[in-house]
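Novice: Supplied in structure tokens, the structure appears directly below.
The values are calculated or read from the model by the stated rules, or taken from the named source; none is laboratory data. Values in this document were obtained by computation on a predicted structure and should not be read as measured data. Neighbour counts are summed over all protein chains in view; Cβ atoms, including those assigned to glycine, are modelled from backbone coordinates with ideal geometry. To get the accessible areas, we keep the full protein, side chains included, count just its heavy atoms, and leave off ligands, DNA and RNA. Shrake-Rupley method; radii C 1.70, N 1.55, O 1.52, S 1.80 Å.
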Amino acid sequence: MRLIGFFFLIPILAHSQSSEWEQTKSNCQVEARGSGSAYQQCIQRSMGFTNSNTPTQASSGFDQSIVNNCTVEARYRPSYISFQDAFDACTSRSSRPSTQYAPTTGTSHSELQKLKAELEEAKQSLNLIQSQSRIDATSSGVSDSQRLRPEGAVLQPRRVALVIGNSNYRVRPLRNPTNDANDVSSALKSSGFQVIDLRDASLQQMRVAVRQFGDRLINNDVGLVYYSGHGVEVKGRNYFIPVNADIQREDEIADQGLDVSLVLEKMSTAGKGVNILIVDACRDDPFGRSFRSSSRGLANMDAPRGTIIAYATSPGKVAADGDGRNSPYTKNLVRAMQQPNKPIEQVFKEVRRAVQAETKNQQTPWENTSLSGDFYFRVQR
């Protein structure tokens, strides 16, 4: 196809080949040993250039402006084309660089104009395909640049995560959320996530972190939020509780807790194809069941388009904090996340089975999902 090889669009200009020029390129290929930068430096040195923009006294009869222009063009090549191939293609379709060799046949002005028009059309077509690729990426979590990688390359969408662990509460502190968040953060980082870490956070710190996550998600392909700590449901809405909360009345929760819907709104605004919310927050009620409307556990939340919401336990139930380093849910989650080539749905199924076995069916992890694309924490070939 003309588009696939637009940098390899080599018009036949019918100039005679310069044996000296071809020998220079051959020597530089050997010297560079596959390195684009080394090849560029060798060509520039042979042509009498100190860099791609500043010609020195020419050491040969070659046309320095062609080398200069083609060096610049090759630098802005697509990532899947080597510098050497892009540079050679450019020089091949340009007038031959040797001024000491006259062409055997001429190329008309109209032919050159036609070739330039074809090249411009190819560039515009590539831009259209890249734009469409960005749109398609929202359904699979893969960016357009990753789609253009050679066959066999591991596709790694750009990933960002917010990991919050709240343990040191004024009332009813918890043992494991900090450990849980630390271990989840490490597993995510090893899977290619950029992680925003937050521990024992105030409400203001949590709000700032959610805003930062939302801003970063716009320039990434996959967004994940993990929360471990106290969480409550009041009147059908779920809230993450900051460690400095001073909640004496039920109607104060909305003011002092972080509404989980804010996290989902940030994901919806970014419009990415893969969003993940993991909630290990259905712990013992921090208010001692003193509020009439607050129910046991968290309320079920509908997953917006392209989102999976994972709970440590089923709606309306309470999850165990655990006697060891981690909660039963997070311990098994971290283990399952690190297994390669498992779809995210399979990861959570394995977590569910493991937690049910460990708690003797007292705790059943739960997910709501509207994912249509595939997602893997780890990909191994």
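Novice: Tell me which residues, restricted to segment 338-376, are of a type in the set (A, V, I, L, M) and within 21 Å of Ser190 (Cβ to Cβ).
Specialist: So the first thing to find is which residues in segment 338-376 are of a type in the set (A, V, I, L, M), and the list is 344, 347, 351, 354-355, 357, 371.
Ile344, Val347, Val351, Ala354 - these are the residues of segment 338-376 that are of a type in the set (A, V, I, L, M) and within 21 Å of Ser190 (Cβ to Cβ).
Novice: Let me ask you something else. Which one is modelled with the lowest pLDDT among residues in segment 343-381 that are open to solvent by less than 50 Å² (accessible area, probe 1.4 Å) and of a type in the set (D, E, K, R)?
Specialist: Glu367
Novice: Among (1) open to solvent by less than 40 Å² (accessible area, probe 1.4 Å); (2) within 21 Å of the chain's Cα centre (by Cα); (3) at pLDDT below 65, where does Val195 come up short?
Specialist: (3)
Novice: Has segment 358-379 got any residue that is assigned to a helix (DSSP H, G or I) and closer than 27 Å to Leu174 by Cβ?
Specialist: Yes, some residue in segment 358-379 is assigned to a helix (DSSP H, G or I) and closer than 27 Å to Leu174 by Cβ.
Novice: State the number of residues belonging to segment 277-330 that are surrounded by fewer than 20 Cβ atoms within 10 Å (Cβ to Cβ), in a strand (DSSP E or B) and modelled with pLDDT of 90 or more.
Specialist: Count: 0.
Novice: Quick check: anything in segment 211-225 over 18 Å from the mean Cα position of the chain (by Cα) and buried (at least 17 other Cβ atoms within 10 Å of the Cβ)?
Specialist: No, segment 211-225 contains no residue that is over 18 Å from the mean Cα position of the chain (by Cα) and buried (at least 17 other Cβ atoms within 10 Å of the Cβ).
Novice: It is to be established whether one or more residues within segment 224-238 are part of a loop (DSSP other than H, G, I, E, B) and either touching a strand residue (DSSP E or B) at 6+ places or on another chain (Cβ under 8 Å) or at pLDDT 90 or above (or both).
Specialist: yes
Novice: Turning to a different aspect of this structure: Take the residues of segment 244-272 that are open to solvent by less than 50 Å² (accessible area, probe 1.4 Å) and either among the small types (Gly, Ala, Ser) or in a loop (DSSP other than H, G, I, E, B) (or both): which is modelled with the lowest pLDDT?
Specialist: Out of the qualifying residues, it is Ile247.
Novice: For segment 343-375, give me each residue that is closer than 17 Å to Ala303 by Cβ and small (Gly, Ala, Ser).
Specialist: Ser370, Ser372, Gly373
Novice: Now for a separate question. Answer yes or no: is there a residue in segment 162-183 that is on the phi > 0 side of the Ramachandran plot, modelled with pLDDT under 95, part of a loop (DSSP other than H, G, I, E, B) and open to solvent by 60 Å² or more (accessible area, probe 1.4 Å).
Specialist: So in segment 162-183, the residues on the phi > 0 side of the Ramachandran plot come out as 172.
Checking which are modelled with pLDDT under 95 leaves us with 172.
From the residues that got through so far, the ones that are part of a loop (DSSP other than H, G, I, E, B) too are 172.
Keeping just the survivors that are open to solvent by 60 Å² or more (accessible area, probe 1.4 Å) gives 172.
Yes, that holds for at least one residue.
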